[in-house]
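Notes follow the structure.
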Amino acid sequence: MKFEVTILGSSSATPIYNRNPSSQALNVNERLYLIDCGEATQQQMLKYDVKISRIDHIFISHLHGDHYLGLVGLLSSMHLNGRIKPLHLFCPPQLKEIIDLELRCSDTTLQFPINYRFTNPEVPEIILENSDVTVESVPLDHRIPCTGFLFREKKRLRKLLKDRLAELDIPIEYYSALKKGADYTSPTGRLIKNEELTTDSAQPKTYVYCSDTLFNISYFKQISNATLLYHEATFLHNMLERAIETNHTTALQAAEVALQTKAQKLLIGHFSARYKTLNELLEEARSVFPETELAIEGKTFLIGD
Ligand SMILES: [Zn+2]
Ligand SMILES: [Zn+2]
């Protein structure tokens with residue numbers, strides 16, 4: 001099953017040095033989930049071949065402009081492209097007011113419904129569950145209410161030991177029950193335990209998106225053991241005071257989060273405009289957590305494997 005994320009924007013605050021504000025397209029089993037929608041997200045989608053029509057779920061972490069100013073434009077394009085299928089929007093409640101105002105002022109009635117699911121910045125909640133994935137909101141510590149998002153693959157069915165099944169002559173119609181964990185009783189009454197006939201499927205993988213936040217252990221437990229952790233790393237650690245003042249994280253701290261929460265891999269982004277090149281941020285993070293990569297726009301990262 002496909003589980004990968006494409007970076008569309010990795011800049012904090014303003015577009016600069018060819019970097020654009022936050023946005024990512026997550027592909028889970030060929031369904032696309034858009035995470036944050038900074039200015040230029042549409043252009044980035046065109047550039048990196050992320051089809052607008054394939055987006056049915058959009059997650060907005062918070063209402064600083066670098067995380068949502070591209071959204072109304074995107075909704076407008078969906079409308080003009082003749083979209084009629086519903087769009088699911090996970091966001092702070094005030095975003096609905098902003099969208100409603102924009103639509104009212106332009107006398108626009110969207111052709112498609114928006115199903116809102118408002119995030120709660122105080123407690124983690126399961127905000128979406130379908131056959132591929134469960135999504136939890138992750139309360140973060142920012143200047144305004146902000147949540148990250150945790151995407152967890154659904155647990156797969158058990159794997160059949162085909163040779164063993166053939167050996168024991170087990171009829172095909174029992175396979176689906178065996179995959180779900182059932183034992184098998186032969187026509188002569190012999191009980192064969194499921195563990196003899198199947199093996200466990202791989203552990204579900206997780207993708208965690210944390211932007212923007214102060215380094216705070218309050219969210220560590222919820223995001224622990226991430227297969228891939230995206231964490232904001234706005235500044236180098238010599239700017240720690242500025243990071244604390246603005247409720248952001250340094251590259252060193254992002255690496256510390258990955259280390260303490262036992263992430264398998266770390267992706268850092270949300271780079272400050274003060275850094276023209278990003279090597280120092282990468283080196284700083286890798287000094288604590290070697291499995292770190294930069295969230296470079298246009299790059300796709302596999303989650304696991
Ligand atoms: Zn931001
Ligand atoms: Zn912010």
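Points to keep in mind about this one:
- Working note: Karplus 6.51/-1.76/1.60 with θ = phi - 60° gives the stretch 161-167 the couplings 8, 4, 4, 5, 5, 5, 3 Hz, where Gly and Pro are set to x.
- Derived from the Cα gyration tensor, the three semi-axes of the equivalent ellipsoid of the stretch 1-153 are 20, 18, 18 Å, largest first.
- Relative to the current alpha-carbon distance between T108 and R143, full extension at 0.36 nm per residue lengthens the span by 9.4 nm.
- Two numbers describe the Cα atoms of the stretch 145-298: Rg and Dmax, which are 23.1, 75 Å.
- Per-bin percent of Cα-Cα distances, the stretch 255-305 [5 Å]: 4, 20, 29, 24, 16, 5, 1
- Computed extension gain for I52 through A182, at 0.36 nm per residue and net of the alpha carbon distance, reaches 42.6 nm.
- Whole-Hz ³J(HN,Hα) from phi, Karplus 6.51 cos²θ - 1.76 cosθ + 1.60, for the stretch 215-227, glycine and proline x: 5, 8, 5, 4, 9, 4, 4, 4, 9, 5, 6, 5, 5
- Cα-Cα P(r), the chain, percent of pairs per 10 Å interval: 6, 26, 30, 18, 11, 6, 2, 0
- If both residues of a DSSP beta bridge must be in the stretch 1-107, then about 60% of such bridges are antiparallel.
- Fraction in percent of alpha-carbon pairs per bin - 5 Å, the stretch 65-224: 1, 7, 13, 13, 11, 10, 9, 8, 7, 7, 6, 4, 2, 1, 0, 0
- The chain: angle of helix 94-105 to the longest principal axis, Cα-based, in degrees nearest 10: 60
- Global size of the stretch 220-305 as Cα Rg and Dmax, reported in angstrom: 12.2, 38
- Helix 279-288 vs. the chain, principal-axis angle (Cα, 0 to 90°, nearest 10): 50
- With K and R counted +1 and D and E -1, the other residues having a Cβ less than 13 Å from that of R54 yield a net charge of +2.
- Among beta bridges from DSSP that stay inside the chain, the antiparallel ones total about 55%.
- Cross-link pairs exceeding 21 Å in C-alpha to C-alpha distance, out of K47/K299; K179/K221; K2/K154; K2/K221; K51/K85; K205/K265, comprise K179/K221; K2/K221.
- Considering only S76, S176, S201, the mean-square fluctuation computed in a Gaussian network model of the chain, springs between alpha carbons under 10 angstrom, is largest for S176.
- Built amide H within the under 5 Å cut-off of H57, gap 5+: L34, H88
Read the figures in this text as sums done on the coordinates, not as results from a lab. It should be emphasised that the depicted structure is a prediction, and the values quoted were computed from it without experimental measurement. Glycine gets a Cβ as well: all are built from the backbone with ideal geometry, and neighbour counts include every protein chain shown.
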